[in-house]
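Throughout, read-outs are computed from the coordinates displayed, never taken from laboratory work. Predicted model, so just to flag it, every value in this text is computed and none were measured. No Cβ is skipped: glycine too gets one built from the backbone with ideal geometry, and neighbour counts run over all protein chains shown.
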Amino acid sequence: MKELIDRIIIQQLGHDPQSWPLTQALYLLGMLLVGMVLTTFGAVFAGLLSWWERRIAARIQSRIGPNRVGPQGVLQFIADALKLILKEDLIPSDSDHILFRIAPYFVMTGFILTFVVLPFGYRLSPTNMNVGLFYVVSITALVVVGILISGWSSNSKWSLFGGIRAAAQVVSYEIPAGTVILVPILMAGSLNMHEIIRAQGGAPWDWFMFQTPWGYASFFILFVAMLAEGNRTPFDLPEAESELIAGYYTEYTSMKMGLFMFAEFIEIAIIGALFTTLFLGGYNLPYMSDAGFAFPGGTTVALPHVAVVLIQLVTFLVKVMLVCSFQILIRWSLPRFRYDQVLRFAWKFMLPVALANLTLTAIVLWSHLKGPM
Amino acid sequence: VKVAYERKRYWNEPTLTLWERSYLPEIVRGLVVTSGVFLRNMGRWISGRKGALTTYYPEEQRADFAPINRGKHVLTQRPDGRPQCIACNMCATVCPAKVIEIEAGFDPDDVAHPKFPVRFEIDYSRCIFCGLCVEACPEDAIRMAREIPSLPSANRHQMWLGLDELLAWNPQKDVAKPYPPGPTTRRTP
């Protein structure tokens, strides 16, 4: 981004970025622009995902689902958001007003900020952070703070129980998730999202998921842990409708509640993006390089950079949608765990398996290392 | 014969096998079931058939209404097509939801039934379909039919049905019970 703005300043405006006084202002403008584009993209994607989930759920339950607004009901999310905005914004009089107001923004920010490093295509991510994966894992920890705050500040038993459950569950599952996320890092040798994707190939057998048995195992361990961290069924105890109304956001109304819902759907998308990056080869397509396609018969198709990036973007989003659809299928198939089962599963099964998996991977990779031990 | 103590067996005793208790195969089985239903319904939609069990109201209506379903009101007619209603207001009086509004007219030519409804309107947004109006009617002028009216609309005033719709019921027989012959003068329309 910085290089791009520098180049624009030099070539289009004819100034030296080092000495031109408006350079910083242009940087700021660029950042704002990227932020708005990403947030809008996230909002639209999450909205479409909500429609997608409702339609799939309807198919599974032999219903029809939303189909009135727009073709096949695609624009349903706009109507929903409009309705939420028009609703009265109630704040319970006994709640902690300040905390109650800021809680949804913690949840939102935690998810929106992960977009900063998501690799949508070659060079198509807002920043190319060399600790990208670590950044994702740490910034999503902000979400549980928001959930806790909302559960506490609502001054309602349902919210409080939801917040407590979310805290226990998310903190428990972050340990196996953090352990098992080291496996693709070991395999790629980098924390950079782009490096991890580059270490994989286009064909499915070049993906980390199918390269090795421990990659395969860690895909499922991480998937279960991520479902639990994202409060998705079968681990949706914090917002268990049948027990806790809506869990930690029971008392929220209007767009604050909409933000929680939005965060929930954007989390599905982020989990999908994370799995696409770590295990499913990211934006790689078979026979595709940065210059275009090179098929084994010797035929090559040269493509401009923009076309390559667009194809990669589409590939990435299709893979993300596949992972999201799998999550949705799980949500509409499985019943909820009991609270003690969830925690026992985390500590007595997930953590040992994740540790064993990591140790195995480390030993195998270490034994293949060349050079002095 | 005295039976020794026998432990009572409950209908909901846990009977999971080891295979089921290992959880994972059952998860996979559940996913297979739901995705099977999903694919079947999706295939039906794609091939132009209906992949849902629900009725797509108001475009579709259920075909399985009971024959005695109280769907909407109908006003019966005399053999010459005039409403049998004599605007006595008994249905409007007995109606617990107070949804029937009748405006009576006077026809001096019809000696037997000088009162007739000029306006007969029912508010279906409030009607509870109890059928008391049918019970109260002394003339068998109002009945309830199996069909349901097409009401969905963006305007609540569209939920009023008037004489034109209530009189649209034209069954082949039993239009009205035959009246004893008497000094009735037919009103020419």
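Miscellaneous remarks
- In sequence order, region A:226-242 has phi-based couplings of 6, 4, 5, 5, x, 6, 8, 4, x, 10, 8, 4, x, 10, 4, 4, 6 Hz under the Karplus curve 6.51 cos²θ - 1.76 cosθ + 1.60, θ = phi - 60°, and Gly or Pro positions carry x.
- When only the Cβ of Lys, Arg, Asp and Glu is charged (+1, +1, -1, -1), the dipole of chain A relative to its Cα centre reaches about 680 debye.
- Top of A:Met288, A:Met36, A:Met226 by mean-square fluctuation, Gaussian network on chain A, Cα under 10 Å: A:Met36
- Dividing the summed -39500 (n - 2.57) terms of all DSSP H runs of n ≥ 4 by the residue count of chain A sets its mean residue ellipticity at 222 nm at -20000 deg cm²/dmol.
- GluC sites (Glu not before Pro) lying in DSSP loop within region B:58-160, provided at most 13 other Cβ fall within 10 Å: B:Glu59, B:Glu60, B:Glu147
- For q = 0.06 Å⁻¹, Debye-computed log10 I/I(0) when each Cα of the protein assembly as shown counts as one equal scatterer: -0.50
- Computed magnitude of the charge dipole of chain B (debye, nearest 20; Cβ of K, R +1, Cβ of D, E -1): 1020
- The distance separating the Cα centre of region A:189-236 from that of region B:11-42 comes to 25 Å.
- The phi torsions of region A:339-356, fed into the Karplus equation with coefficients 6.51, -1.76 and 1.60 and a -60° offset, translate into couplings of 4, 5, 5, 4, 6, 5, 4, 5, 8, 9, 10, 4, 5, x, 5, 5, 5, 4 Hz, rounded to whole numbers, with Gly and Pro shown as x.
- Using only side-chain charges placed at the Cβ, +1 for Lys and Arg and -1 for Asp and Glu, the dipole size of region B:62-155 relative to its Cα centre rounds to 380 debye.
- Shape of region A:320-363 from the C-alpha gyration tensor: oblate (a/c of 1.5 or more and a/b not above b/c, with a ≥ b ≥ c the square roots of its eigenvalues).
- For chain B, the cysteines with no partner cysteine C-beta closer than 4.7 Å are B:Cys85, B:Cys88, B:Cys95, B:Cys127, B:Cys130, B:Cys137.
- Here the Karplus relation 6.51 cos²θ - 1.76 cosθ + 1.60, evaluated at θ = phi - 60°, turns the backbone of region A:130-143 into coupling constants of 7, 10, x, 5, 4, 4, 4, 4, 7, 6, 6, 5, 5, 4 Hz, with x for every Gly and Pro.
- Each of A:Cys324, A:Gly14, A:Ile60 was placed along the dipole of chain A (beta-carbon charges, centred on the mean Cα), and the one lying farthest toward the positive end is A:Ile60.
- 26 Å tail of the calculated P(r), region A:85-231, as % of Cα pairs: 38
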